[in-house]
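The values are calculated or read from the model by the stated rules, or taken from the named source; none is laboratory data. Quick caveat, the model's predicted, so the values are computed rather than measured. Heads up, the Cβs are rebuilt from the backbone with ideal geometry, glycines too, and the neighbour counts pull from every protein chain shown. Only protein heavy atoms, including side chains, enter the accessible area calculation; ligands, DNA and RNA are left aside. Shrake-Rupley method; radii C 1.70, N 1.55, O 1.52, S 1.80 Å.
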Amino acid sequence: MPGLQMQIGHFSFRKKQYFANYLPLPCGGRAITINFLSMKYVFLVASLLLSGIVQAQSFSELWYTELSVDSFFNTEAAKATIDVENPNIALLNAAIFFATNEARIKKKLESFKYDAILEKAAEFHSDEMRAKRFFNHINKTDKENRTPQQRIANKGGEFDATGENIIELPPYKTGPKGEYDVSKNTDGTFSFLALNGKPLKVLSYGDFARAAVKLWMQSPEHKANILNKNFSHLGCGVSIEEDPFKFKSLPMALATQNFGGYKE
């Protein structure tokens with residue numbers, strides 16, 4: 001099949017002014033960013049501490065505070081291959097969080113603090129985009145959750161500054177230009193192949209997250225959100241097709257980053 005087309009864009013809001021532009025990228029997926037600035041400016045896994053190894057099913061929210069970026073990506077969980085039919089969404093969310101902080105650390109910036117409210121808002125929007133088949137910061141079907149500001153506030157957020165990045169990309173390693181092949185199975189489902197006829201490689205949780213953040217960092221507007229010093233908190237949310245082999249096209253993952261900051 002021809003390479004997947006990526007669309008990447010920036011959308012910002014301030015004082016009721018809207019700006020949007022899109023750039024094509026040679027990769028499977030698409031991304032968009034939004035930035036809002038307001039005027040008012042569980043379990044603790046003992047074996048983790050003993051051995052440094054945590055299985056994918058053992059993910060805990062405490063990882064956000066107990067693990068460094070390097071420690072997270074060295075876990076067996078981060079190295080595990082994504083089960084496309086039954087993905088660990090909480091682990092995907094965490095992987096994007098840690099990959100984002102990895103980008104911050106490389107620029108000698110303070111790491112984001114995890115925020116459960118931002119994660120809930122991000123996950124809600126990713127699920128909405130998947131279920132209602134749209135890719136935008138504006139949810140035209142839900143006036144109560146139309147904008148990122150509304151979604152974050154409705155989950156309980158009270159930030160002085162907020163921002164959002166979104167992206168759509170497959171959890172697979174495709175060719176350099178997003179190319180892949182498709183084979184129809186006897187049961188009517190589809191298999192996805194590399195151009196050499198071998199099964200397309202599914203990414204690990206860590207590799208998927210790093211691929212998403214890498215694409216965001218290649219766009220000045222998305223990069224600006226990730227490196228924005230006014231943002232101190234981050235929550236990420238991912239949604240993947242529930243029936244990934246039903247259609248001829250690669251199943252896509254939708255990911256949302258929600259940023260928050262407080263006036264000093």
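The value obtained for segment 123-264, namely the Cα convex hull volume divided by the number of residues, is 117 Å³ per residue.
Here the spin labels are modelled as points 7 Å beyond Cα on the Cα-Cβ line, and at Asp70 and Asp243 they lie 4.7 nm apart. Take every Cα-Cα distance within segment 131-206, group them into 10 Å bins from 0 onward, and report for each bin the whole-number percent of pairs it holds. Whole-percent P(r) values from 0 Å outward: 14, 29, 23, 22, 12, 0. Each other residue within a Cβ distance under 13 Å of Lys246 adds +1 if Lys or Arg and -1 if Asp or Glu, for a net charge of -3. An ellipsoid equivalent to segment 57-213, defined through the eigenvalues of its Cα gyration tensor, has semi-axes of 29, 22, 14 Å when rounded to whole angstrom and sorted largest first.
As a length-normalised measure over Cα pairs under 8 Å and 6 or more apart, the relative contact order of segment 132-264 settles at 31 percent.
On a per residue basis, segment 212-256 carries 39 Å² of accessible surface, using protein heavy atoms and a 1.4 Å probe.
Spin-label pair Ala194-Ala80: with each label point 7 Å from Cα along the Cα-Cβ axis, the two points sit 2.4 nm from one another. Listed cross-link partners Lys177/Lys229; Lys177/Lys214; Lys108/Lys229; Lys113/Lys177 are compared with a 23 Å cut-off, the Cα-Cα value being larger for Lys177/Lys229; Lys113/Lys177.
Kirkwood Rh over alpha-carbon pairs of segment 70-134, then Stokes-Einstein at 4 °C and 1.567 mPa s: what D in µm² s⁻¹, rounded to an integer? Could you put the intermediate results ahead of the total?
Details: Rh = 13.5 Å.
Answer from the Stokes-Einstein relation: 96 µm²/s.
From most to least packed by mean Cβ count within 10 Å, the peptides 218-230, 152-164 give 152-164, 218-230. In segment 169-264, a dipole from Cβ-located charges (positive for Lys and Arg, negative for Asp and Glu) runs towards its positive end, and of Ala253, Phe192, Leu227 it is Leu227 whose Cα lies farthest in that direction.
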